[in-house]
Structure formats: C-alpha cells, structure tokens
Amino acid sequence: MQRRKFIELGGLLAAAGGQFNSFAEAKLANDRGSEHERIDFIHDGTDLSPKEFADLLMKLVDEGKVKIDSYSNGGIVEELENKFAALLGKESAVFMPTGTLANHIAVRRLANKNRRVIVQEQSHFYNDSGDCAETLSGLKLMTTGENAVDFSLSDVINIANQTKTGRVETKIGVIAIETPVRRKQDRIFTYDKIKPISDYARNNGVKMHLDGARLFVQSVHTDILPSTYGSLFDAVYTSMYKCFNAPSGAILAGTREFTESLFHERRMFGGGLPAAWPFAAVALYYADRFMDDYKTAWLNAQKFFSLLRKEERFTVSELENGTHVVKLDVKGKNLVQFRDTLHNQNVQLNAPVENGFFLKINPTLNRIQPEKLAELFLEALKK
C-alpha cells in the first residue's frame with residue numbers, strides 16, 4: 001500500500017472515532033506557540049489524533065507486526081482476542097466493533113430462556129443503548145440502585161423473590177454490573193459488594209455479566225487485577241477505545257462455550273467489519289503499556305494536585321470510591337475564560353460544572369512536568 005494512501009486511510013479511520021476536532025484543536029494550540037504536546041483532561045486514554053493514529057499504524061506495519069483479518073476473524077484481531085482473554089482471566093474472547101454491541105450480545109446469550117436482566121439504574125446499558133435489549137432480543141431490563149453507583153445482594157434477592165409471586169414464574173437470567181460507572185463519574189462498584197452477588201448468582205443458576213469498559217483504570221486504583229474481577233463473572237466486556245486508543249472496538253470474553261460461534265451473532269447485528277486490523281493493531285500496542293503509563297500519570301497528577309492546593313482559589317477533591325475523575329473547583333474566576341485560556345496553551349478541559357471542572361487523569365499527563373502544568377493553571381487564574 002502506498003504510504004500516502006495509507007496515511008489517508010488512517011486519517012479516515014481515526015475520524016470515524018470522532019477525533020478530528022481534538023487534532024484540529026491541538027494543531028491550533030501548537031501554532032500559537034505551545035511548548036508541549038496536548039494535555040487532555042477529557043478522555044480516558046490518549047485520544048490519538050488522526051496523524052498520531054496513522055503514524056503508529058505505519059510504524060507497526062513497517063515492523064511487520066500487523067496480520068490482516070477477514071471480516072474481524074483471524075490475523076491481528078485474533079492476537080488481540082487471545083491477549084485480552086488472558087488479561088481478563090477467561091478462556092476465550094471475541095472482538096466487537098462497539099461496547100454497546102458487546103453488552104447486548106453478552107446478556108442476550110447468557111439469558112437464554114430466562115429473559116429478565118437485573119441492571120443498575122445508572123448503567124450505560126440501561127440508559128444509553130436505545131433499548132436494544134428489549135427491542136432486538138426480547139429481554140426485560142429490571143433496574144435497581146436508583147441514582148446510585150451500586151446495589152446490594154438484598155436488592156437482588158428482593159427482585160428474584162418478586163418474580164416468583166406472579167401467576168407465571170419469570171426467572172432472572174442475568175445480573176449485569178457496570179464498574180466503574182460512567183454516569184457517576186466513574187466511581188467503583190466494589191469487589192466486596194460484587195462477590196456475594198456473584199456467589200448468590202452461581203448458587204441459583206443466574207449468569208453474571210461485567211460491563212468493564214474502564215476496568216483497567218479501576219484495577220490500578222484498587223490493586224485488584226482485571227482477571228480477579230473477571231473471575232466473578234461469566235462474561236466480561238472491556239473497551240478498546242477508552243484506554244487502549246483504538247478509534248473503536250471492544251473485547252467480549254468468557255468460556256469457550258460462551259464465545260463459540262459468537263461471530264455469527266456479531267455479523268447478524270451488523271458487527272462483522274470487513275477489516276478490523278487497524279483497530280486491533282493499535283489496541284494491542286497499548287495493551288501492555290496502559291496500566292504502567294496510567295500509574296505514572298496518576299503519580300504525576302498527585303504532584304500536580306499538591307501544587308494547585310497551595311493556591312486558595314483552587315480546591316481539588318478526589319471522589320469517594322473514585323478512579324481517574326477528580327473535581328477541580330475554581331473560585332473568583334470566569335470558568336469559560338479560564339478554560340479557553342488553558343485551551344490556548346494546549347490543555348483541554350470539559351465544559352464547566354458546579355463551580356469548576358471534572359478532570360479525567362490519563363497518560364497525556366506524562367507529557368509535561370507537574371510543575372509546568374501547575375504554572376499554566378496559575379497563569380490562567382490570573383488572566
């Protein structure tokens with residue numbers, strides 16, 4: 001493949017992940033004289049620009065590390081599946097183009113004839129999947145833990161008992177748990193709360209599914225391996241986009257029996273991409289790097305926070321049972337102006353909320369010394 005066409009392809013694939021804006025913004029900031037690469041407090045991972053994505057893909061191709069797949073089967077996609085099956089402590093894994101599809105297919109297959117699925121009221125699967133489970137698979141999502149991160153074993157037992165009181169018994173087929181929980185600023189559904197629910201499920205013939213889109217971030221904060229979390233579940237999904245910098249993609253892992261012929265259901269729902277190797281190659285590259293890079297970023301963030309706390313107009317708050325999201329409150333400053341000033345210095349913040357900003361810590365913090373980053377925030381406070 002000619003290099004020019006390859007780079008154009010990389011740009012188009014990255015654009016499919018919605019990354020043109022971040023690239024344009026980063027380029028604009030660099031044109032204004034920024035001395036560092038983009039610092040991103042918005043995304044879970046590095047959020048590669050189209051050029052970064054294409055350059056990395058070209059590097060991997062030149063090194064002979066990319067084997068082409070066929071409709072998302074074989075090649076480097078299979079390498080990615082095997083890698084994450086091991087990391088998640090499962091026998092087998094299947095690549096999915098999106099997390100939404102991974103969650104849907106997981107609970108669809110696990111539920112079998114028992115069509116009721118217990119989910120968190122604040123879960124992504126319940127709120128952000130367009131009722132796919134009900135519309136496409138005839139499943140009944142039953143919510144618990146209203147406006148909360150988690151729910152308890154007693155909540156599960158209450159729902160299970162309720163299903164036995166009707167004229168027709170309708171059994172629970174699956175308990176689906178999301179952790180960390182995006183709608184609750186990536187707070188953790190703790191291992192100690194999941195374990196008794198998992199034990200109950202196994203003793204009562206109920207399957208367990210984990211929406212672990214950001215599980216590898218959580219593992220750093222809890223010092224519990226992804227495979228240890230995975231041991232509590234029959235199926236586990238984790239995102240290739242969130243932490244591993246692919247423009248799209250997900251891994252769904254479980255037993256060989258669970259994943260056998262799962263690619264047929266993936267294709268039935270339109271998820272059999274003719275070529276998934278660009279996504280798999282980038283995700284596989286970061287698979288062995290992310291957790292160490294994130295640990296370093298979190299240490300740098302702690303130094304950065306300690307410097308900000310010396311200024312009384314800054315308040316930095318880590319969240320209870322939190323992961324990589326922290327709250328920065330800024331007193332006596334127009335927050336939009338503050339954000340725009342930092343944006344001009346190649347530092348990206350989300351829109352302001354509640355007297356400040358929610359900051360996501362990710363490996364882009366390793367691009368700058370904590371002292372320099374704190375200096376930029378202090379300068380923005382003065383302007």
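General observations
- Qualifying residue in the range 123-132 (condition: assigned to a loop (DSSP other than H, G, I, E, B), acidic (Asp, Glu) and crowded, with 19+ Cβ neighbours inside 10 Å): no
- The range 50-67 residues that are crowded, with 19+ Cβ neighbours inside 10 Å, paired with ones that are among the β-branched types (Val, Ile, Thr) and at pLDDT below 95 (beta carbon under 8 Å, 6 or more apart): GLU52/THR46; ALA54/ILE7
- Members of the range 321-346 that are closer than 20 Å to ASP44 by Cβ and either in contact with a Lys or Arg (Cβ under 8 Å, 6 or more places away or on another chain) or not assigned by TED's automatic domain parsing to the domain that holds GLU37 (or both): ASN321, GLY322, THR323, HIS324, VAL325, ASN346
- Extreme residue, farthest from ILE224 (Cα to Cα), among residues of the range 351-366 that are in contact (Cβ under 8 Å) with a residue 40 or more places away in the chain and in contact with a strand residue (DSSP E or B) (Cβ under 6 Å, 6 or more places away or on another chain): GLY356
- Taking the range 217-257 as the range and being assigned to a loop (DSSP other than H, G, I, E, B), buried (at least 17 other Cβ atoms within 10 Å of the Cβ) and not acidic (Asp, Glu) as the test, the residues that pass are LEU232, PHE233, MET240, TYR241, LYS242, CYS243, PHE244, ASN245, ALA246, PRO247, SER248, GLY249.
- Scanning the range 259-288 for residues that are touching a residue at least 12 places away in the same chain (Cβ under 8 Å) and hydroxyl-bearing (Ser, Thr, Tyr) gives THR259, TYR285, TYR286.
- Within the range 280-319, the set of residues being in contact with a strand residue (DSSP E or B) (Cβ under 8 Å, 6 or more places away or on another chain) and not β-branched (Val, Ile, Thr) comprises ALA280, ALA301, PHE305, LEU308, ARG309, ARG313, PHE314, SER317, GLU318, LEU319.
- Residue tally, condition part of a loop (DSSP other than H, G, I, E, B) and among the β-branched types (Val, Ile, Thr), over the range 189-212: 2
- Of the residues making up the range 370-383, not one is surrounded by fewer than 14 Cβ atoms within 10 Å (Cβ to Cβ) and within 27 Å of the chain's Cα centre (by Cα).
- Test: GLU78 is closer than 13 Å to VAL282 by Cα and either part of a loop (DSSP other than H, G, I, E, B) or acidic (Asp, Glu) (or both): no
- When ALA213, ALA250 are checked against the criterion of being touching a helix residue (DSSP H, G or I) at 6+ places or on another chain (Cβ under 9 Å), within 22 Å of THR143 (Cβ to Cβ), of a type in the set (Gly, Ala, Ser) and at pLDDT 95 or above, a single residue qualifies: ALA213.
- Selection within the range 346-367 - farther than 26 Å from ARG187 by Cβ and buried (at least 20 other Cβ atoms within 10 Å of the Cβ): ASN346
- Single match in VAL236, VAL181, VAL206 (criterion: over 15 Å from PHE95 (Cβ atoms), among the β-branched types (Val, Ile, Thr) and within 14 Å of the chain's Cα centre (by Cα)): VAL181
- Take the conditions (1) closer than 21 Å to LYS184 by Cβ; (2) more than 17 Å from the chain's Cα centre (by Cα); (3) not basic (Lys, Arg); GLY99 misses just one of them, which is (2).
- Scanning the range 310-324 for residues that are within 27 Å of VAL181 (Cβ to Cβ) and without any contact (Cβ under 8 Å) to a residue 40 or more places away in the chain yields VAL316, SER317, GLU318.
- One residue alone among ASP192, ASP234 is of a type in the set (Asp, Glu), without any contact (Cβ under 8 Å) to a residue 24 or more places away in the chain and under 30 Å from MET291 (Cα atoms), and that residue is ASP192.
- Residue match in the range 292-313 (condition: under 30 Å from GLY74 (Cα atoms) and among the acidic types (Asp, Glu)): yes
The values are calculated or read from the model by the stated rules, or taken from the named source; none is laboratory data. Predicted model, so just to flag it, every value in this text is computed and none were measured. Methodologically, a virtual Cβ is constructed for each residue, glycine included, from the backbone with ideal geometry; neighbour enumeration extends over all protein chains shown.
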